[in-house]
Structures are given as C-alpha cells and as structure tokens.
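Data block below; observations after.
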Amino acid sequence: MSNPLAPGSLADKRALVTGSSRGIGADTVGYLAEAGAKVVVNYRNKAKRAEQIAEKVVAAGGAALAVGADLTDHESVQAMVDTVVAEWGGIDLLVLNASGGMESGVGEDYALRLNRDAQVDMLQTAVPHMPAGSRVVFVTSHQAHFVETAETMDEYVPVAKSKRAGELALRELVPQLEAAGIEFVVVSGDMIEGTITATLLNRLNPGAIEGRRQEVGKLYSVSEFAAEIALAAVEPIPADHTKLVGDVSGFTA
C-alpha cells in the first residue's frame with residue numbers, strides 16, 4: 001500500500017496516535033511520519049514493539065517518540081502528554097485509535113472505561129496543548145457507529161455500544177473544540193481484515209469475516225484502512241464530521 005499523503009505535507013506537525021504499537025495505529029504512524037510529521041507511538045505494554053517502530057522512523061530521517069500510557073489511567077495519560085509537550089511543545093494531530101473490550105479478565109466495565117471515558121480524558125488532556133488549526137481524528141467501526149439502528153454480532157454488541165458512547169461523548173465537545181480552532185472528524189470503517197477484533201469475532205463466530213466479505217464484496221486491509229485515517233488528517237472536514245470508509249448499505253438500508 002503506497003502512502004496516500006504527499007511527501008512533506010505534514011512537515012513539522014506533531015502527531016500522537018493512541019494504540020499505535022501494532023496494526024492500524026502502527027501503519028497510520030508510518031504514513032504520517034513519511035509525510036513529515038513528528039510521531040508519538042503510544043503503547044500500553046508492548047514497549048519493545050513501539051520502540052522498534054519509532055527507531056524505524058528515526059532511521060528514515062524522521063522524528064518519533066515511543067511513549068507508554070494506560071489510557072484508562074488519567075495520571076498515565078497526563079504523563080504521556082507532558083512528555084510530548086516537553087519534547088516538542090505541543091500536539092497538532094491527535095488520532096484516537098486505541099480501543100478494546102473483548103479481552104478476557106478486564107472487568108465488565110472495561111469497554112466503557114476505555115472506549116468512552118478514556119477517549120474523552122485523552123482529548124481533554126491534550127486540548128490545552130493543541131493550537132488553532134489542530135485536528136482530532138476518532139477511529140471507529142460501522143458496527144459501532146450504526147449500532148443504534150442496525151444489527152451487529154451479539155459478541156460485539158457491548159463493545160459497539162461503548163464505542164458509540166465514546167463517539168457521542170466526543171461529539172458533544174465539538175463546539176468547545178471549534179471555539180479553540182480545533183477540527184474534529186470521525187473515521188468509521190467496516191470489519192478490517194487482520195485486526196485483533198476481527199480475529200476474536202471470527203473465533204467466537206466462525207465464518208464471520210468470510211460472511212461479511214461476501215456480503216459487501218471487499219473488506220479493507222489494515223494498511224488500506226490506515227491510509228484512510230492518514231488522509232483524514234489533511235482532507236476537508238465533512239459537514240457532519242464523519243468519514244465513512246467502505247460499503248455502508250447494510251447499515252443504512
């Protein structure tokens with residue numbers, strides 16, 4: 001997958017991508033860095049993997065920091081933001097990519113704490129250090145974005161509802177963001193092949209990925225969806241603050 005961003009189009013922009021030590025987040029970091037952005041590779045417990053991504057960016061002539069933070073812990077989030085501000089002075093692009101809730105042994109309320117409460121806390125902690133002209137990109141799924149009006153797999157409903165709650169909570173902050181000159185956009189995609197969520201869903205519901213692929217004809221890969229997220233960093237913001245990636249006919253019919 002080639003980089004959809006023009007070389008230098010994000011020169012000197014400071015980007016923080018949550019949950020970027022692997023998968024969609026890692027590929028998004030790669031695209032942003034290649035376009036000239038200084039990038040923060042955020043991880044919860046995969047320090048070595050995040051450091052390798054940051055080292056690769058630096059080796060290519062870019063600037064990167066690998067910074068650990070548990071997004072459900074405010075002090076941890078504050079420490080991460082403080083680190084970025086100390087190094088680079090602020091944040092121009094915040095990509096809220098991290099999500100979860102299907103893991104075992106994390107508690108019944110974990111999905112809501114991570115997908116709603118932590119998203120709001122991450123944004124509010126970063127905003128004081130985001131100048132006018134900055135942008136926030138929230139990453140979600142069609143299964144979550146349309147959960148109130150379309151059916152989704154039973155196994156995913158709790159996570160979908162928590163991600164939708166997070167999206168709505170963030171949208172309530174749009175007037176505050178706009179007053180500060182900060183742009184906001186939601187990027188929603190279908191089931192993405194190769195992600196942990198898709199793998200877990202397919203394990204719980206065998207054939208789920210193939211069934212969805214046959215229904216829509218194509219599912220985006222990790223790198224393809226990451227490219228759409230990267231584009232959302234520079235594209236004009238839609239009037240409804242929403243970028244839908246891939247087929248949505250099954251959710252809007």
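The values are calculated or read from the model by the stated rules, or taken from the named source; none is laboratory data. Predicted, not measured: the structure shown is a model, and the values here were computed from it. Reconstructed Cβ throughout: ideal geometry from the backbone, glycine too, with neighbour counts over all protein chains shown. SASA here: full protein model, heavy atoms, side chains in, ligands and nucleic acids out. Shrake-Rupley method; radii C 1.70, N 1.55, O 1.52, S 1.80 Å.
Some values worked out for this structure:
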| quantity | calculated |
| --- | --- |
| Selection status of S162, open to solvent by less than 10 Å² (accessible area, probe 1.4 Å) and under 14 Å from the mean Cα position of the chain (by Cα) | no |
| The stretch 1-22 - residue that is crowded, with 24+ Cβ neighbours inside 10 Å and among the aliphatic types (A, V, I, L, M) and, of those, nearest to the chain's Cα centre (by Cα) | V17 |
| From L200, L219, L244, residue being surrounded by 15 or more Cβ atoms within 10 Å (Cβ to Cβ), modelled with pLDDT under 90 and outside any helix (DSSP H, G or I) | L219 |
| Pairs with Cβ under 9 Å, 6+ apart, first in the stretch 164-183 and at pLDDT 95 or above, second aromatic (F, W, Y) and assigned to a loop (DSSP other than H, G, I, E, B) | R164/F146 |
| From the options A126, A86, residue that is modelled with pLDDT of 95 or more and over 16 Å from G19 (Cα atoms) | A86 |
